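J.: Sharing a structure below in structure tokens format, with a few things to ask.
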Protein chains: 2
Amino acid sequence: MMSSKLNFVRNIAFLPQRMLSANATMQEPEAPKIVTKLPGPKSLDLIKELDAVQNSGAVQLFIDYEKSIGNYIVDVDGNTFLDIYSQIASVPLGYNHPAMIDVIKNPKNISTLVNRPALGVLPPRDFVQRLKSSLLVIAPQGLSEVQTMACGSCSVENALKAACFWYQQKKRGGESPSDEELESCLWNQSPGAPNLSVMSFSGGFHGRTFGALSCTHSKSIHKLDVPSFDWPIAPYPRYKYPLHEHKQENKAMDDRCIAVVEDLFEKYKKKDCPVAALIVEPIQGEGGDNHGSSYFFKEIRRVTRKNEAAFICDEVQTGCGATGRFWAHEHWNLQTPPDMVTFSKKMLSGGFFYKPEFRPDKPYRIFNTWLGDPAKMILLEAVIDVIFKQKLLDQIRDSGDYLLDNLIEIEKKYPQLVENARGKGTFAAIDFKTSELQSEGIKRLHKHGIHCGGSGNRTLRIRTTLTFSKKHVDVLIDRMNRAFYEM
Amino acid sequence: MMSSKLNFVRNIAFLPQRMLSANATMQEPEAPKIVTKLPGPKSLDLIKELDAVQNSGAVQLFIDYEKSIGNYIVDVDGNTFLDIYSQIASVPLGYNHPAMIDVIKNPKNISTLVNRPALGVLPPRDFVQRLKSSLLVIAPQGLSEVQTMACGSCSVENALKAACFWYQQKKRGGESPSDEELESCLWNQSPGAPNLSVMSFSGGFHGRTFGALSCTHSKSIHKLDVPSFDWPIAPYPRYKYPLHEHKQENKAMDDRCIAVVEDLFEKYKKKDCPVAALIVEPIQGEGGDNHGSSYFFKEIRRVTRKNEAAFICDEVQTGCGATGRFWAHEHWNLQTPPDMVTFSKKMLSGGFFYKPEFRPDKPYRIFNTWLGDPAKMILLEAVIDVIFKQKLLDQIRDSGDYLLDNLIEIEKKYPQLVENARGKGTFAAIDFKTSELQSEGIKRLHKHGIHCGGSGNRTLRIRTTLTFSKKHVDVLIDRMNRAFYEM
């Protein structure tokens, strides 16, 4: 089972990178190698140094990114890890990918890398062409317009704003805003700053700025002490696994969640704070790898349409191929697409796609100084090119299937430790039985050379790059066996 | 007056850049040159193309950044402008600066440019050293800690959050948060999501995400239709110019504003929504180049201390040298520094400096995937090096004085058109008599080869790079004379 006889998928070649290293070539290692306690002495020294100027409590290791390659990271103490966390799901192709290095080394790109423009007023000569060769190539079906942003939180914040604009414009029925609206908004008062709400889901994560954080309900530490909008929060399904053995219960779960969504629409209408938009993750990536079914999302689409609210699909973590489709929501086969799709992380640039009716009616409504960064778009262009030329989505589906089969075996082997293996593509997870086991399991995996992290309070979150292949699955499963055997 | 006999300040040499162009050398032009109607036909075509995929209403021109150099931008139609807007005040040294090009061409930096880390968990080997050689070199006095962010809005949002954490921690007096707090915050409810407010100023601008936007009160178009926190808004002084002729009135203006600030602290305490922080710009850069006096800010410092609220100085637009000091608040000679200083724009990286007592007590409270971008920090390091080695702050003070003298002459020459010339360093402005004249003036300046923009509803906002010298002032004033003469 652990062998890779079927590993017919072409692995990505990491070519010689003379510029990066004194060594003539750099190749992905065959396996992890841990040579010190973790964190090692050099990491510990640097953590202490960093702690003099900011809270360093979340820092795990200091990394030697020059030496990291493909799916392997190397820390400053010389420890080599297979990375299944990929910088909180934000590395598209692996470390020091040759196609990305080529972008940086190409003299034609120097100007883009040193002259960051105010994209909203003075875009570069090649901006439209860059949009066409990067973002528009992978635009979700039905969403023909795109707005770039710098990060995931800003993408969500601005998608929420675009939804509110759209909602209020409909309400005005084509009329201009009143003087009262124009004046009151400057003073943070309605009607100009209207009582509108955004529905989100328990366990959801959409970012940590004030608007996005009002839609985030993953962990207390993310939210404590921050003023929040009183916006509706619906339950997100929590399924029983394996799915095929619990069809009826899981369907009932979907129906219960949808019923609450419908109730909340009514409740907030009555509270005079109608729901302008509903925002949801295709898989709750921070809140515990909770999956929603196609049925659930079709119902969400139906209910949002019925209530004339925008349906925003937050694909910051699920987007860019990790689920085996470019966008996770493609798995649902919706008849009417979501109204907006937010992205960031592996996309390198933040932003959101939207339907034409969500285009703001006036300039400067969705706006900031930079509105994204062409320096990231040229890298994204290379990433998209590699994804298609090397058929990485096919590879991710294959490695994903292989990974899930193996996780199910692990689950059978260690039933006292883990359960609920699940995943789409390599966007996969397995639950530990308890929070304590989660901490212990992650720690032991680290010791065996797997860099990984948790989600929710007892889940192991697997977030690989798009070059993660069956041979990497084999290494991961081998190390999981070593770690779990000890427990 | 228009000659530059006194131009003893060394101009920045823009050295040959073989990589950038087929031409062997690139040198700043001597003067602007407009060869088409504005926007030119190529810009118009591109605007139309862009408009197929997003609202292009704010786009003025498409720019050929490869051909732009120093303080001059060249558009796709071959028009050359002296740029006194510098991408909404975000270009530190000018276009294609050789020191920044060197950073991109240095093979040692490739890894930093292709491997964007999750800085909060796996920082790069050289992260502490990079902080020490860039941000910590220019940390405002008394603010020994720094947190990087991706953009200005996120910097403000997170500074506000840090203030709320600090405020609530004080209230708990060292106790852990209660179970009720930990649970209620997940549901957007108090006491975990507390009723706290942030005081800001009429005419202020702090960004456009939901938290920052609740502190922004510049223009209706920035705010309309977006739900907002009901937070207190105080008046910002509006002085009469020239200052030395209106000392008494302006002092009275300061006192009236401060009295409202004090009242609002009381009012929001009684509303059970106490003010945790006050955020203010040293010069309102978006709201009309409104300046506050040292006296005003000393009073703000006194009142925030009295009320035990954080004093956040938003230097996103004023920071990084344009006022002739690295931070504009240095002009005030405060005895107690502000508690936090936010930055972005010319700093290339966003973030905020803060006093140690504003460090969050736990990790993951100020956190997101990227937490900034080392690819920007290596550019910032080069920028700071150039600022100090080439004594650019001295140069900016000289060019700024020279600019203000010349603006005062312009004001005398065209009293029916403009008034209230003011500035610190080259962060300068002049008011048109009306909004209509503002539009007309900016349009004519464009035609005469000055790329510029407005602030407020009748102000010409001057935002130069830090390499703007007296010879550039001469060109600007010459073109202003041509434009205003026609009006």
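J.: Scan segment A:226-260 for residues that are over 17 Å from A:Leu278 (Cβ atoms), in contact with a strand residue (DSSP E or B) (Cβ under 9 Å, 6 or more places away or on another chain) and not aliphatic (A, V, I, L, M) and jot them down.
T.: A:Pro227, A:Arg238, A:Tyr239, A:Lys240, A:Tyr241, A:Pro242
J.: Tell me which residues, restricted to segment B:84-102, are more than 7 Å from chain A (Cβ to nearest Cβ) and surrounded by fewer than 23 Cβ atoms within 10 Å (Cβ to Cβ).
T.: B:Pro98, B:Ala99, B:Asp102
J.: Give me the residue from segment A:432-447 that is in contact with a helix residue (DSSP H, G or I) (Cβ under 8 Å, 6 or more places away or on another chain) and either surrounded by fewer than 20 Cβ atoms within 10 Å (Cβ to Cβ) or without any contact (Cβ under 8 Å) to a residue 40 or more places away in the chain (or both) and, out of that set, nearest to A:Ala328 (Cα to Cα). Show your work before the answer.
T.: Just the residues of segment A:432-447 that are in contact with a helix residue (DSSP H, G or I) (Cβ under 8 Å, 6 or more places away or on another chain), to begin with: A:432, A:441, A:444-445, A:447.
In the following step, the residues that additionally are either surrounded by fewer than 20 Cβ atoms within 10 Å (Cβ to Cβ) or without any contact (Cβ under 8 Å) to a residue 40 or more places away in the chain (or both) were identified as A:432, A:444-445, A:447.
On the way: A:Phe432: 25, A:Arg444: 31, A:Leu445: 28, A:Lys447: 32 Å.
Restricting to residues being in contact with a helix residue (DSSP H, G or I) (Cβ under 8 Å, 6 or more places away or on another chain) and either surrounded by fewer than 20 Cβ atoms within 10 Å (Cβ to Cβ) or without any contact (Cβ under 8 Å) to a residue 40 or more places away in the chain (or both), the top hit is A:Phe432.
J.: Counting only residues that are more than 23 Å from A:Glu180 (Cβ to Cβ) and of a type in the set (Ser, Thr, Tyr), which one in segment B:210-260 is nearest to the other protein chains (Cβ to nearest Cβ)?
T.: Applying the filter and picking the extreme gives B:Tyr236.
J.: Do any helices (runs of 4 or more DSSP H) lying entirely in segment A:355-456 carry at least 3 residues that are acidic (Asp, Glu) and at pLDDT 95 or above, and which ones are they? Give the steps one after another, and end with the answer.
T.: Numbers: elements: A:374-389, A:392-413, A:435-447.
Those helices (runs of 4 or more DSSP H) span A:392-413.
J.: Of these, B:Asp75, B:Asp51, B:Asp45, B:Asp64, which one is of a type in the set (D, E, K, R) and buried (at least 22 other Cβ atoms within 10 Å of the Cβ)?
T.: Details: B:Asp51 fails: buried (at least 22 other Cβ atoms within 10 Å of the Cβ); B:Asp45 fails: buried (at least 22 other Cβ atoms within 10 Å of the Cβ); B:Asp64 fails: buried (at least 22 other Cβ atoms within 10 Å of the Cβ).
The unique qualifying residue is B:Asp75.
J.: Please go through (1) in contact with a strand residue (DSSP E or B) (Cβ under 6 Å, 6 or more places away or on another chain); (2) assigned to a loop (DSSP other than H, G, I, E, B) for A:Ser176 and return the number of the only condition it doesn't satisfy.
T.: (1)
J.: Considering only residues of segment A:299-333 that are within 30 Å of A:Gly173 (Cβ to Cβ) and either among the basic types (Lys, Arg) or not assigned by the TED database to the domain that holds A:Trp166 (or both), which is surrounded by the fewest Cβ atoms within 10 Å (Cβ to Cβ)? Quick ask: steps written out before the conclusion?
T.: The first filter runs over segment A:299-333 and keeps only residues within 30 Å of A:Gly173 (Cβ to Cβ), leaving A:299-314.
Okay, now just the ones that are also either among the basic types (Lys, Arg) or not assigned by the TED database to the domain that holds A:Trp166 (or both), so A:301-302, A:305-306.
Numbers: A:Arg301: 21, A:Arg302: 16, A:Arg305: 12, A:Lys306: 10.
Across segment A:299-333, the extreme among qualifying residues is A:Lys306.
J.: Given the structure, is B:Ile69 in contact with a Pro (Cβ under 8 Å, 6 or more places away or on another chain) and on the phi < 0 side of the Ramachandran plot?
T.: It is true that B:Ile69 is in contact with a Pro (Cβ under 8 Å, 6 or more places away or on another chain) and on the phi < 0 side of the Ramachandran plot.
J.: A follow-up question, please. Could you check how many residues of segment A:33-60 are charged (D, E, K, R), without any contact (Cβ under 8 Å) to a residue 40 or more places away in the chain, more than 8 Å from every other protein chain (Cβ to nearest Cβ) and not in a loop (DSSP other than H, G, I, E, B)?
T.: Within segment A:33-60, residues that are charged (D, E, K, R), without any contact (Cβ under 8 Å) to a residue 40 or more places away in the chain, more than 8 Å from every other protein chain (Cβ to nearest Cβ) and not in a loop (DSSP other than H, G, I, E, B) number 3.
J.: I'd like the full set of residues that are under 30 Å from B:Met487 (Cβ atoms) and either assigned by the TED database to the domain that holds B:Gln141 or surrounded by fewer than 23 Cβ atoms within 10 Å (Cβ to Cβ) (or both), limited to segment B:354-401. Give the derivation first.
T.: Pass one, segment B:354-401, residues under 30 Å from B:Met487 (Cβ atoms): B:396, B:398-401.
Scanning segment B:354-401 gives B:Asp398, B:Asp401.
J.: Any residue at all in segment B:159-177 that is within 9 Å of chain A (Cβ to nearest Cβ), touching a residue at least 60 places away in the same chain (Cβ under 8 Å) and within 30 Å of B:Asn457 (Cβ to Cβ)?
T.: yes
J.: Next question. Determine whether A:Lys443 is within 22 Å of A:Asn290 (Cα to Cα) and of a type in the set (Lys, Arg).
T.: The answer is no for A:Lys443.
J.: List the residue pairs whose Cβ atoms are under 8 Å apart, where the first residue sits in segment B:454-472 and is touching a residue at least 60 places away in the same chain (Cβ under 8 Å), the second is among the aromatic types (Phe, Trp, Tyr) and part of a strand (DSSP E or B), and the two are 6 or more positions apart or on different chains.
T.: B:Arg458/B:Phe432; B:Thr459/B:Phe432; B:Ile462/B:Phe427; B:Arg463/B:Phe427
J.: Continuing with the same structure: Checking B:Ser144 against (1) over 26 Å from the mean Cα position of the chain (by Cα); (2) in the same structural domain as B:Gly372 (by the TED database), which single condition isn't satisfied?
T.: (1)
J.: Test of understanding: among B:Thr318, B:Thr304, B:Thr342, which residue is among the β-branched types (Val, Ile, Thr) and assigned to a helix (DSSP H, G or I)?
T.: Details: B:Thr318 fails: assigned to a helix (DSSP H, G or I); B:Thr342 fails: assigned to a helix (DSSP H, G or I).
The match here is B:Thr304.
J.: For a quick check of your reading of the model, give me the residue pairs whose first member lies in segment A:183-194 and is closer than 14 Å to A:Cys273 by Cα and at the interface with chain B (Cβ under 7 Å from one of its Cβ atoms), whose second is among the hydroxyl-bearing types (Ser, Thr, Tyr) and not in a loop (DSSP other than H, G, I, E, B), with beta-carbon atoms closer than 8 Å and at least 6 apart or on different chains.
T.: Close Cβ pairs satisfying both conditions: A:Gly192/A:Ser184; A:Gly192/B:Ser220; A:Ala193/A:Ser184.
J.: Among the listed residues A:Leu135, A:Leu131, A:Leu143, A:Leu160, identify the single one that is over 23 Å from B:Ser349 (Cβ atoms) and either in contact with a Lys or Arg (Cβ under 8 Å, 6 or more places away or on another chain) or among the hydroxyl-bearing types (Ser, Thr, Tyr) (or both).
T.: The conditions single out A:Leu143.
J.: Let me ask another. Report, by residue number, each residue of segment A:279-309 that is farther than 23 Å from A:Arg325 by Cα and touching a residue at least 60 places away in the same chain (Cβ under 8 Å).
T.: Answer for segment A:279-309, where residues must be farther than 23 Å from A:Arg325 by Cα and touching a residue at least 60 places away in the same chain (Cβ under 8 Å): A:Glu308, A:Ala309.
J.: Which one is nearest to A:Ile450 (Cα to Cα), of the residues in segment A:68-83 that are within 12 Å of chain B (Cβ to nearest Cβ) and touching a Phe, Trp or Tyr at 6+ places or on another chain (Cβ under 6 Å)?
T.: Filtering first and then ranking leaves A:Ile73.
J.: Taking B:Gly94 as the residue in question, decide whether it is over 17 Å from A:Thr112 (Cβ atoms) and not aliphatic (A, V, I, L, M). First the steps, then the outcome.
T.: Working: over 17 Å from A:Thr112 (Cβ atoms): no; not aliphatic (A, V, I, L, M): yes.
When the stated conditions are applied, B:Gly94 does not pass them.
The values are calculated or read from the model by the stated rules, or taken from the named source; none is laboratory data. None of these values were measured; they are calculated from a predicted model. Positions of Cβ are generated from backbone atoms using ideal geometry, with glycine treated the same way; all protein chains shown enter the neighbour counts.
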